[in-house]
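Chemist: The structure is given below, and queries will be raised subsequently.
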Amino acid sequence: MGGDPRQARARLRALPPEAVAVVDPVAQRRTVAAGRPGAADAAGAMAALDAGVALAKSGLADALVTAPVSKQVIARHHLPGFTGHTDYLAAGCGLERYGRDYLMAFLAPRLQVALLSTHLPLAEAIAGVTAEAIGNALDCLERHAGGKIAVAGLNPHAGEGGLLGLDDTERVAPAVAAARQRGIDAHGPLSADSLFARAQRGQFDWVLALYHDQGLIAVKTAAFGLATNWTLGLPYFRTSVDHGTAFDLAGKGLADATALKATIETTLGLLRGELPSKFSDSGTEEEVAT
């Protein structure tokens with residue numbers, strides 16, 4: 001199926017329920033150089049994404065599952081400033097950044113992590129760790145997922161009572177306290193070096209990480225290829241695999257669909273109202289020795 005997304009939707013409605021539709025939003029012959037994407041590939045990737053969004057917004061599709069894209073290639077050849085699916089999709093729905101309306105979250109076996117910010121340089125991400133941003137993120141996470149939420153500390157050992165910086169006591173702790181007053185089961189700031197292990201043991205349902213790599217290093221070490229990227233706050237379910245484009249594997253017959261299969265299974269669970277692999281009870285809040 002190709003052409004205008006509106007025509008594609010009309011054709012989809014005519015298909016029997018057991019059919020699997022393939023939509024080509026570009027609908028023109030083009031040369032593909034495996035592992036060496038260019039301008040046409042960037043345009044094709046965005047056309048496919050926009051077609052998927054149109055189907056999800058129309059209600060004809062219940063969820064949108066995305067494959068990896070090259071942010072660098074898209075920004076260079078097609079859409080300057082593009083930093084990834086999450087912010088692009090949220091902007092298309094009129095959502096505000098930095099946790100106010102949406103969050104990047106990851107569902108992995110025994111570990112569920114949300115990120116305060118998405119793809120930002122580290123200096124910008126740290127500057128964006130404010131009490132307001134954390135409060136917004138906790139509100140968003142509570143609305144869309146809920147549960148017992150641990151907030152990671154920004155500095156080593158969550159600042160060690162001010163010895164290793166005042167950010168945690170002056171920025172993070174007040175936001176957590178205010179969230180608890182609003183009825184959110186939030187805890188922290190907690191030392192990030194042991195927090196993710198505690199969450200894996202079931203002491204918390206969610207960890208709110210304060211910048212991208214703080215959360216993603218833990219997720220990908222614990223369950224690379226098995227985690228699902230879930231965008232909280234969109235008016236439709238959107239999920240993605242937890243890995244990148246892997247252009248070094250392209251055209252060599254080495255690609256593995258395991259991660260995509262796992263993401264699709266997780267998405268089907270979300271549509272059924274399930275949060276995968278979450279412990280049903282919570283353990284002690286006693287701080288693990290560091």
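The numbers here are math on the coordinates, done by the rules we state, and not lab data. Because the structure is predicted, anything quoted here is derived from the model rather than measured. When we count neighbours, we look across all protein chains shown, and the Cβ atoms used for this are built from the backbone with ideal geometry, even at glycine.
Chemist: With the chain treated as a Gaussian network of Cα nodes joined by springs under 10 Å, which of 105, 14, 48 yields the largest mean-square fluctuation?
Modeler: Looking only at 105, 14, 48, the largest GNM fluctuation is found for 14.
Chemist: Still on this structure, please answer the following. Just report the Cα centroid separation between segment 79-153 and segment 9-77, whole Å.
Modeler: A separation of 25 Å, based on Cα centres.
Chemist: With unit charges on the beta carbons (Lys and Arg positive, Asp and Glu negative) and the dipole taken about the Cα centre of the chain, which residue among 235, 128, 210 sits farthest to the positive side?
Modeler: Towards the positive end, the residue furthest out is 235.
Chemist: Taking the chain, how much of its Cα-Cα pair set, in percent, is spaced more than 33 angstrom apart? Walk me through the intermediate numbers first.
Modeler: Details: 11148 of 41905 pairs.
Every Cα pair in the chain considered, those over 33 Å come to 27 percent.
Chemist: Tell me the label-point distance for the pair residue 130, residue 22, using the 7 Å Cα-to-Cβ offset, in nm and rounded to one decimal.
Modeler: 4.9 nm
Chemist: Could you give the length gained on full extension between residue 29 and residue 243, defined as 0.36 nm per residue of separation minus the Cα-Cα distance, in nm?
Modeler: Between residue 29 and residue 243, full extension yields an extra 74.2 nm.
Chemist: Magnitude of the Cβ-charge dipole of segment 1-82, K/R +1 and D/E -1, about the Cα centre, nearest 20 debye? Please report the intermediate quantities before stating the final value.
Modeler: Numbers: 10 positive and 6 negative charges, 41 e Å.
It works out to roughly 200 debye.
Chemist: Ok, one more. Return the single residue from 256, 139, 62 with maximal mean-square fluctuation; model: Gaussian network over the chain, springs between Cα atoms under 10 Å.
Modeler: 256
Chemist: Here's something else I'd like to know. Give me the percent of Cα-Cα pairs in segment 91-152 that sit more than 12 Å apart, rounded to a whole number. Numbers along the way, then the final one.
Modeler: Values: 1308 of 1891 pairs.
It works out to 69 percent of all Cα pairs.
Chemist: In whole percent, what relative contact order does the chain give with Cα contacts below 8 Å and a gap of six or more residues?
Modeler: On the way: 493 pairs, mean separation 62.5, N = 290.
Across the chain, relative contact order equals 22 percent.
Chemist: Let me ask something additional. Note down the nm distance, to one decimal, between modelled labels 7 Å out along Cα→Cβ at residue 110 and at residue 252.
Modeler: For the pair residue 110/residue 252, the computed spacing is 3.2 nm.
Chemist: Nearest 0.05, what FRET efficiency do residue 60 and residue 221 give at R0 = 45 Å with Cβ-Cβ as r?
Modeler: Values: r = 38 Å, r/R0 = 0.84.
The pair residue 60/residue 221 has a calculated efficiency of 0.75.
Chemist: Determine ³J(HN,Hα), in whole Hz, for all residues of segment 118-131 in sequence, where each value follows from phi through the Karplus function 6.51 cos²θ - 1.76 cosθ + 1.60 and θ = phi - 60°; x replaces Gly and Pro.
Modeler: 9, 8, 10, x, 4, 4, 5, 5, 5, 5, x, 7, 10, 4
Chemist: Next question, about the same structure. Mean-square fluctuation check for the chain, GNM, Cα pairs under 10 Å: which of 50, 87, 168 is largest?
Modeler: Largest GNM mean-square fluctuation: 50.
Chemist: For a footprinting-style exposure proxy, rank 274, 160 by other Cβ within 10 Å, fewest first. Mind dumping the intermediate values first?
Modeler: Details: 274 11, 160 14.
So the ranking, lowest neighbour count to highest, is 274, 160.
Chemist: Run the helix sum for the chain: -39,500 (n - 2.57) per DSSP H stretch of 4+ residues, divided by residue count, reported at 222 nm to the nearest 500 deg cm²/dmol.
Modeler: Numbers: 10 runs with 108 residues, N = 290.
It comes out at -11000 deg cm²/dmol, rounded to the nearest 500.
Chemist: Also, quick follow-up: When the C-alpha atoms of segment 1-82 are aligned to their principal axes, what extent does each axis show, in angstrom, from largest down?
Modeler: Sorted from largest, the Cα extents of segment 1-82 read 39, 26, 19 Å.
Chemist: Using the Cα centre of the chain as origin and beta-carbon charges of +1 (Lys, Arg) and -1 (Asp, Glu), tell me which of 28, 83, 255 is placed farthest towards the positive end of the dipole.
Modeler: Value computed over the given set: 28.
Chemist: With an 8 Å Cα cut-off and a minimum separation of 6 or more residues, compute the relative contact order for segment 1-82 in percent.
Modeler: Working: 63 pairs, mean separation 23.4, N = 82.
Result for segment 1-82 is 29 percent.
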